[in-house]
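What follows is a structure written as structure tokens; I'll ask about it next.
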Amino acid sequence: MIAVEGLVKDFGRTRAVAGVSFHVAAGEIMGLLGPNGSGKTTIMRILTGFFPPTAGNVAIDGLDVERHPLAVRERIGYLPENVVLYPDLTVVRFLRFCAEVKGVPASARRARLDEVIAACGLTEVAGKLIGKLSKGYRQRVGIAQAIVHRPRVLILDEPTVGLDPRQIIEIRTLITSLAGSTTVLLSTHILPEVSMTCGRVIIIDYGRIIAEDTALGLTQRVRGSDETRVRVVGPRPEVLAALATVTGVDELREEAATDGAVTVVARSTRGDDVRRDIAALVVGRGWGLVEMRPLAMSLEDLFVRLVRDDRDAAA
């Protein structure tokens, strides 16, 4: 449904997008995750026809975005990060205007407006001025205008930015309800959004894709970067020196000692399970092994690590 191949976008001498390729299947929700300034919004503006690519190919529903711009725009709904709404119009009048502009037939317009207003949870505020609505309701209106013409593809740029926790849950529920009938690509720098909303995740930094998989798959992919917390009762210098010699331990990070125990996090970057060797070493030295447990890696941990490693490699 969305096909991006070798996408490049330059602004003068600055390369904002550097050879990005990905595909989003029909009915899938894909998350584009990255720090602010990583190139997410630029990619979305190219997909929606606002920016021409410097190089590469972009197709929506089999149509090239540059060669068939009008046909592509008929097939997409777009919620920019800062959606422009008309504050002096009521919700229903604004959505009626959007339906007219986007070609919803007059005979089907009223039924479609009722359907969209209900689906987006706007029934209670349909007659209110948009300028009087809360941020959460305005965001709902933004999504409603994006889906009023039944687009095959929905592109959402930071759909939950600036919302409170309750509003975020409501918008998240609305987005997931669209899965199956609509292909959704959403960008965000808010990590829980991708893990709770998206089937697959692309992590982007400096305009390049540094990882692509399901949230679970990404975590499993870096199991080779597992960390193990170890607490040992023994002489600190000797404990640290000995643990550093364990095969598979590539990095030791000391943490604040608790209850007199030396506390370190041992990191393995090659997938080695170092627990057995650590235990044998500690027992063999006659020290006390107070604790040894693997540290679970959250999506946030993974994101930080992937971005850090990518930037270290580029330095």
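Being without any contact (Cβ under 8 Å) to a residue 40 or more places away in the chain, outside any loop (DSSP other than H, G, I, E, B) and within 18 Å of the chain's Cα centre (by Cα) is the requirement here; does R110 meet it?
So R110 fails the test.
Give V307, V282 a once-over and let me know the one that is under 27 Å from I190 (Cβ atoms) and either modelled with pLDDT of 90 or more or surrounded by 15 or more Cβ atoms within 10 Å (Cβ to Cβ) (or both).
Step by step, each of V307, V282 is checked, and only V307 is under 27 Å from I190 (Cβ atoms) and either modelled with pLDDT of 90 or more or surrounded by 15 or more Cβ atoms within 10 Å (Cβ to Cβ) (or both).
Okay, next question. Provide a single number: the residues in the stretch 3-51 that are assigned to a helix (DSSP H, G or I) and in contact (Cβ under 8 Å) with a residue 60 or more places away in the chain.
Matching residues across the stretch 3-51 total 6.
Across the stretch 54-81, which residue is farthest from the chain's Cα centre (by Cα) among those that are among the charged types (D, E, K, R) and farther than 25 Å from Q139 by Cα?
Within the stretch 54-81, the match that is farthest from the chain's Cα centre (by Cα) is R67.
Among the candidates D273, D226, which residue alone is closer than 23 Å to L306 by Cβ and either among the β-branched types (V, I, T) or crowded, with 18+ Cβ neighbours inside 10 Å (or both)?
D226
Let me ask something else about it. For the stretch 1-44, which positions are farther than 19 Å from T197 by Cα and small (G, A, S)?
Within the stretch 1-44, A3, G6, G12, A16, A18, G19, S21, G37, S38, G39 qualify.
Could you grab me the full set of residues in the stretch 72-89 that are surrounded by fewer than 18 Cβ atoms within 10 Å (Cβ to Cβ), outside any loop (DSSP other than H, G, I, E, B) and modelled with pLDDT of 95 or more?
Correct list: empty.
I need the full set of residues from the stretch 124-138 which are at pLDDT below 95, assigned to a helix (DSSP H, G or I) and either among the hydroxyl-bearing types (S, T, Y) or in contact with a strand residue (DSSP E or B) (Cβ under 8 Å, 6 or more places away or on another chain) (or both), in order please.
The one that is at pLDDT below 95, assigned to a helix (DSSP H, G or I) and either among the hydroxyl-bearing types (S, T, Y) or in contact with a strand residue (DSSP E or B) (Cβ under 8 Å, 6 or more places away or on another chain) (or both): Y137.
With the structure loaded, tell me whether P35 is on the phi < 0 side of the Ramachandran plot and modelled with pLDDT under 95 or whether it fails that test.
yes
Hey, could you check the stretch 125-179 for residues that are in contact (Cβ under 8 Å) with a residue 40 or more places away in the chain and touching a Cys at 6+ places or on another chain (Cβ under 7 Å) and say which is farthest from V92 (Cα to Cα)?
If we take residues in the stretch 125-179 being in contact (Cβ under 8 Å) with a residue 40 or more places away in the chain and touching a Cys at 6+ places or on another chain (Cβ under 7 Å), then L174 is farthest from V92 (Cα to Cα).
Hey, another quick one. Which one of these is of a type outside the set (F, W, Y) and in a loop (DSSP other than H, G, I, E, B): T183, T176, T160?
After applying the criteria, what remains is T160.
Show the residue pairs meeting these rules: Cβ distance below 8 Å; 6+ apart or different chains; first residue within the stretch 273-291 and under 14 Å from V249 (Cα atoms); second residue acidic (D, E) and in a loop (DSSP other than H, G, I, E, B).
If the second residue must be acidic (D, E) and in a loop (DSSP other than H, G, I, E, B), the pairs left are D273/D226.
The values are calculated or read from the model by the stated rules, or taken from the named source; none is laboratory data. Just so we're clear, the structure is a prediction, and the values are computed from it rather than from any experiment. A quick note on method: Cβ atoms are made from the backbone with ideal geometry, for glycine too, and the neighbour counts reach across all protein chains shown.
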